[in-house]
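What follows is a single structure, written as structure tokens, with notes after it.
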Amino acid sequence: MFPSPMELLRSHLSRVRIPEPTNRIYKSECCISFDTPRSEGGLYVDLSSFLTFGKECVGWNYEKTGNPVYLRIQQRPKPVPEDRPLKKPTLLAIGVDGGFDYQETNYEETHNIVILPDYASLPFPSVELPEKVRLAVDAILIAEGAERKEQLAAWTAEKKKVSAYVMNLQQINSGVVVPPSGWKCCKCDKTDNLWLNLTDGMILCGRRNWDGSGGNNHAIEHYNETVSSSRETWYHSC
Ligand SMILES: [Zn+2]
């Protein structure tokens, strides 16, 4: 007999965490792709790390971390009532009497607890769910997404600070032609996480991470070698 979704969930309870007020919760966009709760399949919030993944990326996160329990958030458009009269606009305005009929599509949000790797699913809310899971999900749903906080901070920042390096950017006519695509590190074979030096046109890879992933440090080495010649300004391509 295969375990039921509820049995699976109970067996993984130690992997579920209740977020604390200091935890950053990302719940409106996939960390890797551009998926949102309105994308097909919705978003999966990892109930251990509180990072969020679209349906194409959640399996990767499971393989990397082993975290099995997710909150799936899906938003689907609500059906529009058919008896809604369509009025012809008489004013070039939106949302006022006589103007264009402005109706934002309404979305209905649904929540499920999903357990990988089999995507066993339980509806949320549900009375049978363990207390710990209910508390974790409630905390996530009432939290303001970290993305939104960052956006708000960006909008309300008094004015964008312009880097002093950009104001004094010197560009060397080195004869280097930067191709519009097909970038590769000048010193190794990396083709992702690349940095373009805006002074001399060198394309080099990014920092090596603590776990050995990332680049081969070629951009930072170039910076250290040339730091006295004002090559501090880079464009980062993902
Ligand atoms: Zn490199």
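The values are calculated or read from the model by the stated rules, or taken from the named source; none is laboratory data. Just so it is clear, the model here is predicted, and its values are computed rather than measured. All Cβ positions, glycine included, derive from the backbone under ideal geometry; neighbour counts span all protein chains shown.
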Query - Segments classed as strands (runs of 3 or more DSSP E), wholly inside the range 175-238, with at least 2 members that are of a type in the set (Phe, Trp, Tyr) - result: 234-237
Query raised in the report: Which residues, counting only those in the range 205-226, are modelled with pLDDT under 90 and either within 11 Å of the ligand (Cβ to nearest atom) or not assigned by TED's automatic domain parsing to the domain that holds Cys188 (or both)?
Result: Gly214
Query raised in the report: Across the range 32-50, what is the total count of residues that are among the aromatic types (Phe, Trp, Tyr) and over 22 Å from Thr22 (Cβ atoms)?
Result: 2
Query raised in the report: Take the residues of the range 1-15 that are outside any loop (DSSP other than H, G, I, E, B) and of a type in the set (Ser, Thr, Tyr): which is nearest to Ile115 (Cα to Cα)?
Result: Ser11
Query raised in the report: Restricted to the range 177-204, and to residues that are among the aliphatic types (A, V, I, L, M) and within 16 Å of the ligand (Cβ to nearest atom), which residue is nearest to Ile220 (Cα to Cα)?
Result: Leu204
